[in-house]
There are 2 protein chains.
Amino acid sequence: MSILVVGSVAFDSIETPTGRRNRCLGGAATYFALSASYFTDVRVIGVVGEDFTPEHEAVLTRRGVDTRGLEHTSGKSFHWTGSYVKSLNEAHTIDTELNVFETFAPKVPAVYQDSEFLFLANIDPVLQKSVREQMPKARMVCGDTMNYWITGHRDNLAKVLTGLDALLINDGEAKLLADNSNLVLAARKVLSMGPKALIVKHGEYGATAFFGEHAFSGTGRVSTPFRAPAWPLEEVVDPTGAGDSFAGGFFGYLASKPEVNLKNFKHAMFYGGVMGSFAVERFGTERMQSLTREEIDQRFALFRELSHLD
Amino acid sequence: MSILVVGSVAFDSIETPTGRRNRCLGGAATYFALSASYFTDVRVIGVVGEDFTPEHEAVLTRRGVDTRGLEHTSGKSFHWTGSYVKSLNEAHTIDTELNVFETFAPKVPAVYQDSEFLFLANIDPVLQKSVREQMPKARMVCGDTMNYWITGHRDNLAKVLTGLDALLINDGEAKLLADNSNLVLAARKVLSMGPKALIVKHGEYGATAFFGEHAFSGTGRVSTPFRAPAWPLEEVVDPTGAGDSFAGGFFGYLASKPEVNLKNFKHAMFYGGVMGSFAVERFGTERMQSLTREEIDQRFALFRELSHLD
């Protein structure tokens, strides 16, 4: 099944303990699309400026990503400058230039209307809601957000949360959204805001899924959370996009299966962890461009060996 | 098989967001012994003062723990005062009164000599080494340590590490011991110091075991690490003793099996997590005193459901 993703296609200038890169291709939608492309068809909606060249677009199209929903406009693309020199676990934003994103009004092309899976990457919840409303027939909708929208745009965000099958955020975001420092209580509060499931990403410690009453409707309440590990890595070159790559692996795998059930959801969590672990091995989207499904499945097997008793 | 544990039997005065307790029974050896007692026979070596009453000793003996190695001496027992009010993830030590521990010279009673499993809880590495040397026939030796010994008594600690089958420490301790902030590289460095296996405890995120070349001798190199989850808890009443209870569950389970192999080691990691998750549900050793093996196995089943795909 096709996934439609809306989010940022951007340039990142990144400094990490390993080195630095200027204006490499990034953005949540880019990482998500590349990651999900190993599992299913992906279509992308976003906006780019004149600095976004055919070579940049080819990074996506080479992986089979449909870029017809990418709006080219005058001006510069979104540009994020950040550093992980102090801590690989947390991005320190040095500068955010919204540029063409400031006036972005996403429009879903007619050829995208039959996408059954919709991912609302981390952008203004007003835009997330607009895209959601243009896709009334979407069968499964997942989304991401960040501290900025949680603290400053809570009412708009609330309207997005009610329509989500799963929200994917990190520990700090979940605790901030729920205003509770206990993960379980925070998860319960977030689930009460609407999403049927909540996936909390713990960085190097993996991710935990919590399920609301209406997850997997018709199959009864799932009360036990599920935790997927992350792979212990010798070197994290660049953490940028790890969460988006996780989301791409998770949702891409789910969209590739005939049914969204608990078993497939659990496997999807593992594939999310696998894709996140690859993403951080190189700068930018480098690793996400060059994988093979065989490499992915080999690491999936390692994740199983890492965490399973038998 | 019998486990012999040497370590502190102490009183703890604890403040957490839930409340406070003055001088409740604690100490690494106490938590370890109570936890391991659900799996196998446990013998304890330690020193206590005149404030340690028969009622305190009964907490151990009621669980079948052999306390003949507990030295009663004049003066006061070891007393630790700490707070978790700022963070449940890290103990803030307010005061440490070593008292009778200052002149402690552990002697292994003749009746303990046939213990095949030896646990060196977190005490002065000089004492750990002395006990190790008094138990030349011990089949498996595991140990713990802490920042204080890592920074100030590194040479003495090095002599203990060379004789360990497994070292159990937390993330911060592993990174400090190896002087490396990457978990995998830190683990490799620690393994090069002697222990055949290293278990790194991640608090609410579980624990990861790394294996050296000589782990499970004769069965070939185990190159994949193993990660056991922790249970996502709604309330952490008192984190004191979680690590020692983990160690007790881990080592207790292993000692109860006919063979120390990779399969049993992995199950032992899960039982460690299970016992750690119980320990923090009540103040002090309260929860560790009142469990049943049925409750333990029920939670073990939950740990499996939390982390397994099938």
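Just so it is clear, none of the values below were taken in a lab; they were calculated from the coordinates. Predicted model only: the values in this text are computed from it and were never measured. Here Cβ is always computed from backbone atoms with ideal geometry, including for glycine, and neighbour counts include all displayed protein chains.
Counting only C-alpha contacts under 8 Å and six or more residues apart, can you give the relative contact order of the range A:3-307 as a whole percent? Provide the component values of the computation, followed by the final result.
Values: 673 pairs, mean separation 52.9, N = 305.
Reported relative contact order: 17 percent.
Residue-wise HN-Hα couplings along the range A:256-272, as the Karplus relation 6.51 cos²θ - 1.76 cosθ + 1.60 with θ = phi - 60° gives them from phi, are 7, 9, x, 9, 9, 10, 4, 4, 5, 4, 5, 4, 4, 4, 5, 5, x Hz; Gly and Pro carry x. Quick one: go through the range B:270-290 and flag any residue whose amide nitrogen is under 17 Å from the point 7 Å out along the Cα-to-Cβ line of residue B:18. Zone members listed by number: B:274-290.
For B:188, B:287, what ranking results if the residue with the fewest other Cβ atoms within 10 Å of its Cβ goes first? Display every interim value, and only then the final one.
Details: B:188 16, B:287 22.
Lowest count first: B:188, B:287.
Can you bin chain A into rounded, prolate or oblate? Criterion: square roots of the alpha carbon gyration tensor eigenvalues sorted a ≥ b ≥ c, rounded for a/c under 1.5, prolate for a/b above b/c, oblate for the rest. Cα axes put chain A in the rounded bin. A cut-off of 5 Å between modelled amide H atoms, ignoring neighbours fewer than 5 places along the same chain, links residue A:27 with A:10.
The rotation axis bringing chain A onto chain B passes closest to the chain A residue reported with its distance as A:205, 2, by C-beta distance in whole Å. Using the Cβ-Cβ distance between residue B:290 and residue A:133 with R0 = 60 Å, the FRET efficiency computed as 1/(1 + (r/R0)^6) comes to roughly 0.65. In this simple spin-label approximation, residue B:257 and residue B:68 carry label points 7 Å from Cα along the Cα→Cβ vector, and these lie 3.0 nm apart.
Arrange B:142, A:24 by Cβ neighbour counts within 10 Å, fewest through most, would you? Let's see the in-between values first.
Working: B:142 24, A:24 18.
If I rank by nearby Cβ atoms, fewest first, I get A:24, B:142.
Residue-wise HN-Hα couplings along the range B:116-124, as the Karplus relation 6.51 cos²θ - 1.76 cosθ + 1.60 with θ = phi - 60° gives them from phi, are 8, 10, 10, 10, 9, 5, 5, 9, 3 Hz; Gly and Pro carry x.
Percent relative contact order of the range A:1-79, based on C-alpha pairs within less than 8 angstrom and at least six residues apart?
On the way: 160 pairs, mean separation 27.3, N = 79.
So the answer I get is 35 percent.
DSSP finds beta bridges in the protein assembly as shown, and of those with both partners inside it, around 40 percent are antiparallel.
For chain B, a Gaussian network of Cα nodes joined below 10 Å ranks B:274, B:184, B:237 by mean-square fluctuation, and the top entry is B:184.
Each of A:96, B:224 was scored by other Cβ atoms within 10 Å of its Cβ. Listed from fewest to most, they are A:96, B:224. Placing dummy labels 7 Å off each Cα toward the beta-carbon, the span from residue A:58 to residue B:264 is 6.0 nm. The phi torsions of the range A:286-296, fed into the Karplus equation with coefficients 6.51, -1.76 and 1.60 and a -60° offset, translate into couplings of 3, 5, 5, 8, 10, 7, 10, 5, 5, 4, 4 Hz, rounded to whole numbers, with Gly and Pro shown as x.
In this calculation the C-beta distance from residue A:113 to residue B:282 is compared with R0 = 41 Å, giving a FRET efficiency of 0.15. In this structure the amide hydrogen of residue B:45, modeled in the peptide plane, comes within under 5 Å of the amide hydrogens of B:5, B:6, B:7, none closer than 5 places in sequence on its chain.
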